[in-house]
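The values are calculated or read from the model by the stated rules, or taken from the named source; none is laboratory data. Remember, predicted model here, so these are calculated numbers, not experimental data. Every residue, glycine as well, gets a Cβ built from its backbone with ideal geometry; the counts of neighbours run over all protein chains shown. Accessible surface areas use protein heavy atoms only, side chains included; no ligands, DNA or RNA. Shrake-Rupley method; radii C 1.70, N 1.55, O 1.52, S 1.80 Å.
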Amino acid sequence: MPTSMNYLPIELLVLLLTLIPTAFISLQAQLYINQDIYIAPNAEMHVALPMTYFESGIVLADRGDASLDDYGILSFSENSQATGANHDTHVNGFVRNINNPNFMFPIGHDAIFQPVATVVEIANTKIDFAYSHVSHSNLTKDPEVNNISDEFYWIIKSSGNSKISLSWNAFSNIDKLTDNNINALGIGGYDGTSWKRIPAMLDTTSFHDGSPADLLSGSITTLDNIVLSDYSAFTLVNVNATDNMEIKVSDAITPNGDGFNDTWQIDNIENYPNAIIKVFNRQGQVVFYAPSNYSNDWEGNYSKDTVLPSASYLYVIDLDGDGNVDAHGWLYITR
């Protein structure tokens with residue numbers, strides 16, 4: 001057990017909790033963390049109360065050897081949530097979400113808080129996440145990934161399916177990763193061989209503090225559920241779209257009738273008659289869908305009688321209609 005901090009051993013914590021009268025627990029229905037706690041490898045502190053408040057102190061869940069699954073863990077039941085975590089108080093190590101459909105993992109590393117959120121749609125799902133703010137040298141990537149953050153990553157242990165949301169803050173150096181272009185930010189998943197791009201969209205407001213996305217803070221969410229067991233880690237990547245594609249996608253529509261950029265142009269899309277094209281607003285809603293044979297004629301309308309407002313929209317393109325996204329990026333509609 002570390003000696004540099006006065007951690008409350010998990011065995012003592014469990015003993016103290018057993019001494020609390022049952023009536024008190026049922027009336028309070030909450031847990032306050034206000035001092036350092038240590039959870040040894042292969043030990044688990046499980047929370048079944050509806051709300052856990054992080055007030056002060058670090059929960060050090062010993063990372064042990066994650067490859068052997070012998071780490072300590074703070075787990076939350078399907079009816080439990082946590083709030084109040086920040087750079088000064090969080091879980092340094094693994095947190096487990098057990099069958100909770102919407103959950104924010106209050107995780108960080110040392111003095112850096114870097115949470116993850118999941119949206120689970122399948123019952124009986126168990127997800128373990130830990131954040132590591134350390135450099136790594138495994139930078140093998142697929143062609144659609146331009147650059148990978150080599151300063152941090154999240155470790156994932158799960159056999160379930162879920163959407164995931166990753167966060168960033170001033171310690172993440174997103175400006176360096178994206179060359180000051182936040183729209184180039186994406187999610188990368190490591191499949192044991194290389195980092196693969198996972199289609200994702202910037203959140204209008206961050207899932208953990210409600211702030212709008214900028215280079216200093218924010219969050220990004222996968223467009224669809226992903227098979228979590230396909231990946232051992234996630235990080236943030238630079239994914240400028242279409243750099244390696246035969247097609248060339250216009251990034252603007254100005255439907256004002258002047259004959260210039262009045263419709264959305266995708267050069268060479270006629271070579272891909274089975275291409276599936278989707279455009280999303282910042283709330284993740286599909287505002288345009290072309291299942292095949294797109295003919296460069298979309299004028300930026302939601303329907304015949306409804307125009308879309310001036311804003312930025314995310315597009316995804318599956319050139320072969322095989323379920324794999326081949327290009328994605330941002331489209332700006334200006335009226």
Residue within the range 269-281 that is over 21 Å from Asn324 (Cα atoms) and acidic (Asp, Glu) present: no
Of all residues in the range 192-211 being touching a residue at least 40 places away in the same chain (Cβ under 8 Å) and of a type in the set (Ser, Thr, Tyr), the one that is farthest from Ile182 (Cα to Cα): Thr193
Those residues of the range 110-124 which are crowded, with 20+ Cβ neighbours inside 10 Å and in contact with a strand residue (DSSP E or B) (Cβ under 6 Å, 6 or more places away or on another chain), in sequence order: Gln114, Pro115, Val116, Ala117, Thr118, Val120
Looking only at the range 277-324, and only at residues there that are under 20 Å from Thr221 (Cβ atoms) and of a type in the set (Ser, Thr, Tyr), the one that is modelled with the highest pLDDT: Tyr289
Considering residues of the range 159-180 that are open to solvent by 60 Å² or more (accessible area, probe 1.4 Å) and touching a residue at least 40 places away in the same chain (Cβ under 8 Å) only, the residue nearest to Asp318 (Cα to Cα): Lys163
Failed item, numbered, when Asp326 is tested on (1) within 23 Å of Asn238 (Cβ to Cβ); (2) acidic (Asp, Glu); (3) more than 21 Å from the chain's Cα centre (by Cα): (3)
The range 143-158, residues that are open to solvent by 30 Å² or more (accessible area, probe 1.4 Å) and in contact with a strand residue (DSSP E or B) (Cβ under 6 Å, 6 or more places away or on another chain): Glu144, Asn146, Asn147, Tyr153, Ile155, Lys157
Single unsatisfied condition, Gly57 versus (1) over 16 Å from His208 (Cα atoms); (2) modelled with pLDDT of 95 or more; (3) open to solvent by less than 10 Å² (accessible area, probe 1.4 Å): (3)
Some residue of the range 157-174 being at pLDDT 90 or above, assigned to a strand (DSSP E or B), more than 23 Å from Gly284 (Cβ to Cβ) and among the hydrophobic types (A, V, I, L, M, F, W, C): no
Which listed residue is of a type in the set (D, E, K, R), out of contact with any helix residue (DSSP H, G or I) (no Cβ under 8 Å at 6 or more places or on another chain) and either touching a residue at least 24 places away in the same chain (Cβ under 8 Å) or open to solvent by less than 60 Å² (accessible area, probe 1.4 Å) (or both), from Asp224, Asp214: Asp224
Strands (runs of 3 or more DSSP E) fully within the range 247-335 counting 1 or more residues that are surrounded by fewer than 15 Cβ atoms within 10 Å (Cβ to Cβ): 286-290, 301-303, 311-318
Among (1) outside any loop (DSSP other than H, G, I, E, B); (2) farther than 19 Å from Ala233 by Cα; (3) open to solvent by 20 Å² or more (accessible area, probe 1.4 Å), the one test that Ala82 misses: (3)
Pairs, first closer than 13 Å to Ile73 by Cα and free of Cβ contacts under 8 Å to residues at least 60 places away in the same chain in the range 45-59, second part of a strand (DSSP E or B) and open to solvent by 20 Å² or more (accessible area, probe 1.4 Å), C-beta under 8 Å, six or more apart: Val47/Leu31
